[in-house]
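What follows draws every value from the coordinates through simple rules; no lab data is involved. The structure presented is a predicted model; accordingly, all values stated were derived computationally and were not measured. Every residue, glycine among them, receives a Cβ derived from its backbone with ideal geometry; neighbour counts consider all protein chains shown.
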Amino acid sequence: MKILDVRCAVIGESPIVRVVTDEGIDGFGEIEHSKPEIHTLIGIYSDLLVGQDPTNVERCMLRIRRFGGFKPWGTLVSAIEIALWDVAGKAAGLPVHKLLGGRVRDRVRVYNGGVRPRLRGHEPEDYAASMAVMASAPEGFTLFKEGVGFHGFMAPNVPGFFYGDLREGPKHPNRGVLTEKGIAHIIACVQAMKDVLGQDQGLALDMGPGFTVPDAITVLRALEPLHIVWAEDLLSGDGLPWTDAGQYREVTSATTVRTHTGEQIYLRNNYKELISSQAVRVIGPDPGDIGGIAELKWVAEYADLHGIQIAPHGVSSGLFGLAALVQVCATLPDNFIAFEYPVPTHNWWYSIVHGLPDPIVADGFITVGTAPGLGIEFDREAALAHMSPADQGFFDWFPRS
């Protein structure tokens, strides 16, 4: 089998990668809609892969892996890797999880991720109301995550929250020393959410980046009686091309709350110090950023050797990212907690992709399927209705001229 082409089309707002082969088998991967237009660079990777055997996934990846970086710059490499596994699974007539060593669990736990109502405000009662809505969701989640601190919009919407200069805009740009009021506000909001959830449902926190080390320690020690499942990206994280393992280790060693980071990290090489020094208690790689699903599995196993747990990040905006998460998480060691459940930006995705269980999430879990590859397929005619005229040849079998 040979690769004829590697191409990309935008379906809705989601860039989808397709690996086209000479044997009538193709595979798909996905790029999150909010990433920069990295998918327009697809030709660089296609030129390196045309003529290669897609079922030799690692050999293909050795040709392109070096052309990526920390989130969002590794997303195209990651999507291609996932598409290669989709091809390999279909060619073998096996689900991807069989090619990764086989599943160790028949269903995978997820947390709310994309199922999150907009906060009405930023007071404790607003966080409690939002959590009550999520706790009653039909998916039956057993674990929830909410943003507090410098993650999201608490910092710019709570006067006197910190001593830094307030910056407006997305991507969590604020950073500085918390005021006593700011520290108390975080604790009160977390307490309000835990009052809703009780002991039957777990609460994880997305908290930064932006904390100083002393403030991180102060806040986490105050939260210890609430049994938070993890505290994510306190010091660095989304949008930052580095991770300071030494500072994370200082925080981690000072509290019993599990520290967590890793969604922005590309490749196993950049997890090495974080894991080997036990700088955090939980890592959260995203298969769409780390370099693909085999890369995520390697990191998960390395983390398990060091007593570190894993809760993979997931923010894909179609359904192929979700399918990839199900396949790889079925194979992870017992250090797996749950993965972030992504939902499409448009409901019509559920009518153009088939193969996921119905309902997808039941009692907080997704059942692992047995269909070949990623286990899902396009209704190609239906998908064309959501693509631009320039992309109407995306599903053709002949290579580009």
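Within segment 260-293, track down each residue that is surrounded by fewer than 23 Cβ atoms within 10 Å (Cβ to Cβ) and either over 25 Å from GLU250 (Cα atoms) or of a type in the set (Lys, Arg) (or both). ARG268, LYS272, ARG281, listed by residue number. Quick check on VAL251: is it on the phi < 0 side of the Ramachandran plot, in contact with a helix residue (DSSP H, G or I) (Cβ under 6 Å, 6 or more places away or on another chain) and among the β-branched types (Val, Ile, Thr)? Here the answer is yes, as VAL251 does meet what is asked. Is it the case that segment 123-130 has a residue that's surrounded by 15 or more Cβ atoms within 10 Å (Cβ to Cβ), within 20 Å of the chain's Cα centre (by Cα) and part of a loop (DSSP other than H, G, I, E, B)? Looking for residues that are surrounded by 15 or more Cβ atoms within 10 Å (Cβ to Cβ), within 20 Å of the chain's Cα centre (by Cα) and part of a loop (DSSP other than H, G, I, E, B), one finds none in segment 123-130, hence no.
Restricting attention to segment 283-296, does a residue exist that is of a type outside the set (D, E, K, R), within 18 Å of GLY69 (Cα to Cα), part of a loop (DSSP other than H, G, I, E, B) and touching a residue at least 60 places away in the same chain (Cβ under 8 Å)? Yes, there is a match, as at least one residue in segment 283-296 is of a type outside the set (D, E, K, R), within 18 Å of GLY69 (Cα to Cα), part of a loop (DSSP other than H, G, I, E, B) and touching a residue at least 60 places away in the same chain (Cβ under 8 Å). Among the residues of segment 219-256, count how many are in a helix (DSSP H, G or I) and either free of Cβ contacts under 8 Å to residues at least 40 places away in the same chain or within 25 Å of the chain's Cα centre (by Cα) (or both). Number of matching residues: 15. Within segment 344-359, the only residue that satisfies the criterion of being farther than 17 Å from ALA383 by Cα and either in contact (Cβ under 8 Å) with a residue 24 or more places away in the chain or in a strand (DSSP E or B) (or both) is PRO359. Determine if segment 365-375 includes at least one residue that is in contact with an Asp or Glu (Cβ under 7 Å, 6 or more places away or on another chain), touching a residue at least 24 places away in the same chain (Cβ under 8 Å) and crowded, with 24+ Cβ neighbours inside 10 Å. Within segment 365-375, one or more residues are in contact with an Asp or Glu (Cβ under 7 Å, 6 or more places away or on another chain), touching a residue at least 24 places away in the same chain (Cβ under 8 Å) and crowded, with 24+ Cβ neighbours inside 10 Å. Residue pairs whose Cβ atoms lie under 7 Å apart, sitting 6 or more positions apart in sequence or on different chains, and linking a residue in segment 308-331 that is assigned to a helix (DSSP H, G or I) to a partner that is surrounded by fewer than 24 Cβ atoms within 10 Å (Cβ to Cβ) and of a type in the set (Phe, Trp, Tyr), are CYS329/PHE336. Hey, does segment 13-21 have a residue that's among the basic types (Lys, Arg) and crowded, with 19+ Cβ neighbours inside 10 Å? Taking every residue of segment 13-21 in turn, at least one turns out to be among the basic types (Lys, Arg) and crowded, with 19+ Cβ neighbours inside 10 Å. Scanning segment 257-270 for residues that are in a helix (DSSP H, G or I) and touching a residue at least 60 places away in the same chain (Cβ under 8 Å) yields a single hit, ASN270.
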